[in-house]
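Read through the structure below, which is laid out as structure tokens, and then see the notes.
The values are calculated or read from the model by the stated rules, or taken from the named source; none is laboratory data. Quantities reported herein were computed from a predicted structural model and do not represent experimental measurements. Reconstructed Cβ throughout: ideal geometry from the backbone, glycine too, with neighbour counts over all protein chains shown. We work out accessible area using only protein heavy atoms, side chains counted, and drop any ligands, DNA or RNA first. Shrake-Rupley method; radii C 1.70, N 1.55, O 1.52, S 1.80 Å.
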Amino acid sequence: MRIVAIETATGATSVALGDGRVVAASAARTDRRGHVGFLVPALDFCFAQAGWRPQEIDVVAVDIGPGLFGGIRVGLATAQALAGAAGVPLAPVCSLDAIAFQAATAHRRIWAVVDARRGEVAVAPYHPVPGGVVRDGPVELVDANAFRGLLEDDPSQKLVVGDWEVLPEGELMGAHGVRTGGPRYPSAAAVMEVARGLAEREAFPHPDEVRPFYLRDPDVRINWSDFRQEGPWPG
């Protein structure tokens, strides 16, 4: 199964092409404002490196958030255009799921964090299982104090991963059973692995049902039908 994965929901933009469990090509750059200028050239580069054509792919996976509004829009619009041109399913992935999937822990409960701006972070808890993680609580939008409260209310040993560095300095210091670690941002390779579970179950939503996962209303609204009609990859 050939999967193209797109990650633009956070401060790191990345693309990965995977055939089975082998990453055939990848590209990444960390730049909170550079999603637009990097994404399509990165896709072109990866297709050339892997020797693939868009018509030869099976699934397009994309991080739909939560995260940066502009980055989410760019990634989803590009993924919809590519999936539509290739005539393949679109697999939406939560950024927190991808971060937690990458976390290295054998026994600690994982709390994934994504910067949502305006002094808030998106968070969710996960339980590590063989081969991955399972989200075992809701995705929440909270400020730093509320997040510390969630951690204090959790009696388990915890590993906080993701963009926790945006929290006020010392906010997590002294919190019971808390350690911090990486990754800071989700990768396209992790998005691809999370999407593989959807693909194996053929649990794809209808393309018209795929929307950004913002957690709050965006400042700018966009007409998604315009992006589905005109994409960078002709059929």
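Give me Rg over Rh for the chain, both radii from the alpha carbons and Rh done the Kirkwood way, two decimal places.
Numbers: Rg = 17.4 Å, Rh = 17.9 Å.
That ratio equals 0.97.
Which of the listed residues, LEU96, THR78, GLY162, is farthest toward the dipole's positive end in the stretch 72-166, when Lys, Arg count +1 and Asp, Glu count -1 at the beta-carbon?
After comparing all options, I get THR78.
Can you give me the relative contact order of the stretch 1-149 as a percent, contacts being Cα pairs under 8 Å and 6 or more apart?
On the way: 303 pairs, mean separation 26.9, N = 149.
Averaging sequence separation for qualifying contacts and normalising by length gives 18 percent for the stretch 1-149.
With point charges of +1 on the Cβ of Lys and Arg and -1 on the Cβ of Asp and Glu, referenced to the Cα centre of the chain, which listed residue (ALA195, ILE64, VAL121) lies farthest in the positive direction of the dipole?
ALA195
Charges only on Cβ, +1 for Lys and Arg, -1 for Asp and Glu: so what's the dipole of the stretch 58-188 about the Cα centre, in debye to the nearest 20? Intermediate results must be reported in sequence, preceding the final value.
On the way: 10 positive and 15 negative charges, 41 e Å.
My answer is approximately 200 debye.
Starting from the Cα gyration tensor of the stretch 75-184, multiply each eigenvalue by 5, take the square root, and state the resulting semi-axes largest first in whole Å. Intermediate values should be presented prior to the final figure.
Working: eigenvalues 161, 58, 23 Å².
Semi-axis lengths for the stretch 75-184 are 28, 17, 11 Å.
With a 1.4 Å probe and all protein chains left in place, how much accessible area per residue does the chain have, in Å²?
Counting only protein heavy atoms, the per-residue value for the chain is 45 Å².
Which of the peptides 189-197, 14-22 is most tightly packed, and how do the rest follow, going by the mean number of other Cβ atoms within 10 Å of each residue?
189-197, 14-22
Could you work out what % of the accessible surface of the chain is carbon and sulfur, using a 1.4 angstrom probe and leaving DNA, RNA and ligands out of the count? Present the calculation step by step, with values, prior to reporting the outcome.
Values: 5340 of 10660 Å².
Solvent-exposed carbon and sulfur of the chain make up 50 percent of the total.
Taking +1 at the Cβ of each Lys and Arg and -1 at the Cβ of each Asp and Glu, which of ALA12, PHE45, ALA25 sits farthest along the dipole of the stretch 1-52 towards its positive end, judged by Cα position relative to the Cα centre?
Farthest towards the positive pole: ALA12.
Based on the Cβ-Cβ distance from ALA203 to ARG21, what FRET efficiency comes out when R0 is 22 Å, to the nearest 0.05? Each step should come with its number before you reach the end.
Values: r = 19 Å, r/R0 = 0.86.
It comes out at approximately 0.70.
Tell me, what ³J(HN,Hα) does each residue in the stretch 130-144 have, in order and in whole Hz, if you take phi through Karplus 6.51 cos²θ - 1.76 cosθ + 1.60 with θ = phi - 60° and put x for Gly and Pro?
Taking θ as phi minus 60°, the curve returns x, x, x, 9, 10, 5, 10, x, x, 7, 10, 9, 9, 8, 4 Hz for the stretch 130-144.
Percentage of Cα-Cα pair distances in the stretch 118-160 greater than 17 Å, rounded to whole percent? Present the calculation step by step, with values, prior to reporting the outcome.
Values: 304 of 903 pairs.
Value for the stretch 118-160 (Cα pairs over 17 Å): 34 percent.
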